[in-house]
Structures are given as structure tokens and as C-alpha cells.
Amino acid sequence: MWNDSGVRAIAIHDTAGAAGAALLDLPDPKPGAGEVRVRLAASALNHLDLWAARGIPGVTPTFPFVLGADGAGTIDAVGEGVAPERVGEEVVINPVLSCGACPRCAAGLRPLCRSFGMLGEHRNGTHADAVLVPDVGAVPRPTLLSPFEAAAGGVVYATAYRMLFTKGRAEAGDVCLIHGIGGGLATAALQMAHARGLTCIVTSSDDQKLARARTMGAAHAFNYRTDDVVADVRKAVGGVDIVIDPIGAAVWEASLRVLNADGRLVNCGAGGGRVAEVPVAHLFWRQLEILGSTMATDAEFAAALRMVVRENLRPVIDRTVPLEEVPDALQSLERGEQFGKVVVSR
Ligand SMILES: [Zn+2]
């Protein structure tokens, strides 16, 4: 329950891992200049929660530190310099943090700011009754999406949008290989690529997740534990134009071997290996591109929400849990048991 004197929050006291996360009562945060306070209706688990709980090199959190990057709710207070009319606005949170003053920030390219950071990594996050975010990070919520859907979809759709359409230059008719189907980013990418008219191939180690992806439009689905993905992809489609890779090193060699000339490997995570082997002869001979991507520009965040509305997409929600069950749900996320996003209700 909301009360004016304090907020409930899922916080860590050290960086020994998500097992140390616990429900606490913390003081009600007061918005500073340029900030709004969002009373959260929902948040959603993100792999970032696990990384933050383990400690990220170069990041020194102040404890207790509140986890959570994804969220949606209502602005209930604003700081100096923010339009007072924003109070009462229903918003989805863009968790990107940046200096707010450099030319890249001024151009809306905030993930490219030298001071780029994330809510729930550099500042207290969304698994709480209320969170402070920069004015620009509180984005009007499309009425088509419920707060639960917005919490589940905001970050993954924006991230997938940048990977597919900006970095990957995806166009109708392209063939797209999406690794790790079942994760929130991968399922969002499958929906967006399918809606745009791409032929989608997915991989997972879980046959049930592969079957589910087929019902969502995947043309081919391969189990990387039991199938020969390179041979099977070549046999099914010849080659692919874009790889969406939230996994990392473990899938790079196979991915680069199945890319067509001018193909793009777009990576957004290293949980599946931090140092990769690159078949260099494939790289130059087929003029491949290896592209890193994280989050989205402000324009891409807005464009992703417009596409969600236009194409009538809904984020895949694995299940909804109350705030006090977040510690257990993080353990389950670590084991990769979910299909889509785990939403946290208030
Ligand atoms: Zn900046």
C-alpha cells in the first residue's frame, strides 16, 4: 500500500547476488530539479536486476540499493523546472540516465552520453512503490497498453526496435535469426520482426519455448543443444540477413557462419560468454557487420511505442507476482525459466 511517509522497495545491502534482495521500507523519495516521482502501478524483472545485484564493475551503489529498470505508473510529484501539469500523467519509464547537458543528450541520443547509466543500476530503481526519474524518462503511456503491459513492454520493445530497424536495418523480406527465444527482448524482437514482414528463425535449448515461438510466427525454430543450427539454418533458408543476439560469445561463430553477404550481427548482452571467436575470413569476404546495441534513443523509444500501438502488439507476460515475491522471482529469472516478462504488481 502507498503511504506518504515511506515506500516499500526491493533492495540489496551488498553485491553478493539476487539472493540478498529483500523487501524494505524506505523514506519517500523527493524529486530534485528536472525529476519527476512516479507512483508505480507495476514494474517488471530485467536481467539488469541480476547484474546489478552481483555488482557491475565501475558502478558503486549506495546501500540499501533498490533494483528494477522497467516500470509504469502515475506522476505524483515533480521537481523544480518540470511542468506542474505533469502531475497525474500516466507514464511508462525509460530507464536511461545521462548527463542531460551534452550535445548527444540534447539530440536525444542519451544512451551514447559519456555519463550513460540505468535506473536500477546507477540509481534506485523501479521495484518500489515510487521511483524518481528524469523528466524525459517519464514517457506518456499509450492508452492501448495497461500499466502492466507498459511495464513489461517499454524497455524490451525499445531495445528490440533499435536492434532490428536502426542497427540491423531490417526490411520486409529479410531473414532474421533471433537467439534465446523466451527472454523478454527476444520475444519482443520476434513480434516486431514478424509484424514488419521478416522471416524469423529462433533458437533456444527448450523445445516448449520453440513450440510457443512457432505459434507467434517463427518460421523455423531450432534447439541449439540438439540441432546443428548452422546446417539447419542453411538448409531451411540458405542464410540470414540479421542476427538478434542477447546471449553473447556462445552464439557468435555459428551466427557469423550463417549470415548472408552484408549481414548484421546485433548484440545486446554477454551473459552467454564475454569473449568470442570470430571467423575472420567470413567477416571480410561477406562484408559482415558486428554491432553493439543497448537501450534506445528517445526517438526510438517513442517510435517503438507507436509501432506497438499500430501493429496491436502486446508484450508476452510470463506471470505477475507481488512485490514481496521479487527475490524468489529473480532466482527463477536466473534459471531462465520464463517465457516473456515477469511483471511485479503493487
Ligand atoms: Zn550527456
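All of the numbers you see were taken from the coordinates with simple rules; none came from a lab. Just so it is clear, the model here is predicted, and its values are computed rather than measured. Positions of Cβ are backbone-derived with ideal geometry, glycine not excepted, and every protein chain shown enters the neighbour counts.
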task = Would you please classify the overall shape of the range 1-104 from the alpha carbon gyration tensor, given that a ≥ b ≥ c denote the square roots of the eigenvalues, rounded means a/c under 1.5, and beyond that prolate means a/b larger than b/c while oblate covers the rest?
result = oblate
request  = Choose one of Thr74, Ala107, Val38: the residue whose Cα lies farthest towards the positive end of the charge dipole of the range 20-122 (beta-carbon charges +1 Lys, Arg; -1 Asp, Glu; about the Cα centre).
outcome  = Ala107
query = Sorted by packing (mean other beta-carbon atoms within 10 Å per residue), highest first, where do 145-151, 276-282 land?
reply = 145-151, 276-282
ask   = What is the Cα centroid distance between the range 155-190 and the range 65-133, reported in whole angstrom?
value = 24 Å
inquiry  = Taking just the alpha carbons, could you work out the radius of gyration and Dmax for the range 51-96, both in angstroms?
reply    = 14.4, 39
message = Let me check against my output: what whole-number percent is the relative contact order of the chain, with C-alpha pairs under 8 Å and at least 6 apart?
response = 19 percent
query = What relative contact order, as a whole-number percentage, does the range 157-292 give when Cα pairs under 8 Å and 6 or more residues apart are counted?
reply = 21 percent
note = What the Cα atoms of the chain span along the principal axes, largest first and in whole Å, is 62, 40, 38
inquiry  = Let's see if you can work this out: charge +1 on each Lys and Arg Cβ, -1 on each Asp and Glu Cβ, no other charges. What is the dipole magnitude of the range 213-312 about its Cα centre, in debye to the nearest 20?
reply    = 180 debye
remark   = Phi angles of the range 316-321, converted by Karplus (6.51 cos²θ - 1.76 cosθ + 1.60, θ = phi - 60°) into ³J(HN,Hα) in whole Hz with x for Gly and Pro, give 7, 10, 5, 6, 10, 10
message = Using amide H atoms built in the peptide plane, which far-off residues or other-chain residues are under 5 Å from Val321 H to H?
response = Val343, Val344, Ser345
key: Eligible aspartates and glutamates near Lys235 by straight Cα distance, threshold 17 Å, same-chain separation 8 or greater   = Asp174, Asp227
query = Hey, what did the range 1-145 get for relative contact order, percent, Cα under 8 Å, at least 6 apart?
reply = 30 percent
request  = Tell me which residues come under 5 Å, amide H to amide H, from Val7 once H is placed; ignore anything under 5 positions away on its chain.
outcome  = Leu26, Asp28
ask   = Taking all pairs of different Cα atoms in the range 157-292, averaging 1/r and flipping that mean, what Kirkwood radius in angstroms comes out?
value = 14.3 Å
query = So which lysines pass the test for Lys341, namely a Cα distance under 18 Å, with those fewer than 8 places away in the same chain ruled out?
reply = Lys209
ask   = How big is D, in µm² s⁻¹, for the range 294-346 by Stokes-Einstein at 20 °C and 1.002 mPa s if Rh is the Kirkwood radius over C-alpha pairs?
value = 165 µm²/s
query = So, by mean Cβ neighbours within 10 angstrom, what's the order for 154-161, 220-227, 82-89 with the highest one leading?
reply = 154-161, 220-227, 82-89
query = With the radius of gyration and the Kirkwood radius both derived from the Cα set of the range 230-346, what is their ratio Rg to Rh?
reply = 1.05
inquiry  = Once you order the gyration tensor axes a ≥ b ≥ c over the Cα atoms, which shape class does the range 127-228 get: rounded for a/c under 1.5, otherwise prolate or oblate by comparing a/b with b/c?
reply    = prolate
note = Amide H neighbours of Met118 at under 5 Å, excluding residues fewer than 5 places away on the same chain, with H built from the backbone geometry, are Leu97, Arg123
